[in-house]
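Scroll down for the structure; my scribbles are underneath it.
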Amino acid sequence: MKGVQELLRSLRVWDPAVTELRPFEPDGAPGDPVELFARWFAEAVAAGQTEPHTMTLATADADGLPDARVVMLHGADAAGWSFATHADSRKGGQLAGRPYAALVFYWPVLGRQVRVRGPVDAAPAAEAMADLHARSTGALAAALTGRQSAELDSVEELTRASEAAWERASREPAAPAPTWTLYHLRPHEVEFFQGDAHRRHLRLAYHRTENGTDWHRRLLWP
Ligand SMILES: Cc1cc2nc3c(=O)[nH]c(=O)nc-3n(C[C@H](O)[C@H](O)[C@H](O)COP(=O)(O)O)c2cc1C
């Protein structure tokens, strides 16, 4: 088996055979970053990006130390960027202590990255349950399994709990999952990065203005 260094030397980003780096004109970008996100998301889907709705969610622990993991995007609109998880998970505890997070999307087929930062709040339980019950049986079973981030004694214990959760999710599609929580990240900053073959990558950063409703835009050096 090849070692990491050997493999790294053989790898490139943005192979023209699989990546289409599109021209990006920041001057023509919409005033609201949610609109540009919706456009780029639709383009990532149309370009065949695998799992474009997965994103890295970064939080900080009680000591201010960073932590990150991948979660699914549940929406991006006037309510902010939404995701769902267990309130009693590690990230749930971190968000309760410091309700602030960062998200990163990477869509390699278009050489695009989107970064989002801002405060996070938990939606009312009814909204979280409506969102969960509109999803798949597997999503409900996973939410019903619970105990996320707690120590697991054995794989058999997980299998038993998961089988029971699948059985309940199939029988009771509106079963409540008490700790499952929908969070909205209300962005203060959103940055769009378009990769360029000559490394003249374009970065367009949106910042909320003082009044909290409008957006200020500026370019950043790559
Ligand atoms: C593709 C993918 C999607 C995931 N989506 C979610 C999700 O939407 N919600 C969630 O709680 N965990 C999701 N996970 C699992 C998390 O990455 C993580 O393992 C889990 O939430 C525990 O994180 P924590 O210990 O920091 O709380 C996903 C993992 C992957 C690889």
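Values quoted throughout were computed directly from the atomic coordinates according to the rules given, and no laboratory measurement underlies them. All values derive from a computational prediction rather than experimental measurement. Don't worry about glycine lacking a Cβ; one is built from the backbone with ideal geometry, like all the others, and counts go over all protein chains shown.
Numbers at a glance
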{"quantity": "Over the stretch 1-140, relative contact order from alpha-carbon pairs under 8 Å, at least 6 apart, %", "calculated": "22 percent"}
{"quantity": "Cβ-Cβ FRET estimate between D27 and D121, R0 fixed at 41 Å, reported to 0.05", "calculated": "0.75"}
{"quantity": "Ranking of M72, M129, M1 by count of other Cβ atoms within 10 Å, fewest first", "calculated": "M1, M72, M129"}
{"quantity": "Ascending count of other beta-carbon atoms within 10 Å, so fewest first, for L73, L132, L219", "calculated": "L219, L73, L132"}
{"quantity": "Proximal charge balance of L140 [Cβ under 12 Å; K/R count +1, D/E count -1]", "calculated": "0"}
{"quantity": "The chain: calculated mean residue ellipticity at 222 nm from DSSP helix runs of at least 4, using -39500 (n - 2.57)", "calculated": "-8500 deg cm²/dmol"}
{"quantity": "In nm, spacing of pseudo-spin labels at E6 and E157 (7 Å Cα→C-beta vector)", "calculated": "4.1 nm"}
{"quantity": "Candidates R22, R171, R112: whichever shows maximal mean-square fluctuation once the chain is modelled as a Gaussian network with Cα springs under 10 Å", "calculated": "R171"}
{"quantity": "Ranked list, fewest to most other Cβ atoms within 10 Å of each Cβ, for S170, S89", "calculated": "S170, S89"}
{"quantity": "FRET efficiency estimate (nearest 0.05) - Cβ-Cβ, V13 to L202, R0 22 angstrom", "calculated": "0.85"}
{"quantity": "Nitroxide proxy distance, nm - points 7 Å out along Cα→Cβ at Y100 and A46", "calculated": "3.7 nm"}
{"quantity": "Rough spin-label spacing in nm, given labels placed 7 Å along Cα→Cβ, for D63 and T179", "calculated": "2.3 nm"}
{"quantity": "Gyration tensor verdict on the stretch 1-103 (Cα atoms; rounded if a/c is under 1.5, prolate if a/b is larger than b/c, oblate otherwise)", "calculated": "oblate"}
{"quantity": "Alpha-carbon centroids, the stretch 153-199 and the stretch 1-56: separation in whole Å", "calculated": "23 Å"}
{"quantity": "E20-R168 FRET efficiency (beta carbon distance; Förster radius 45 Å; 0.05 resolution)", "calculated": "0.50"}
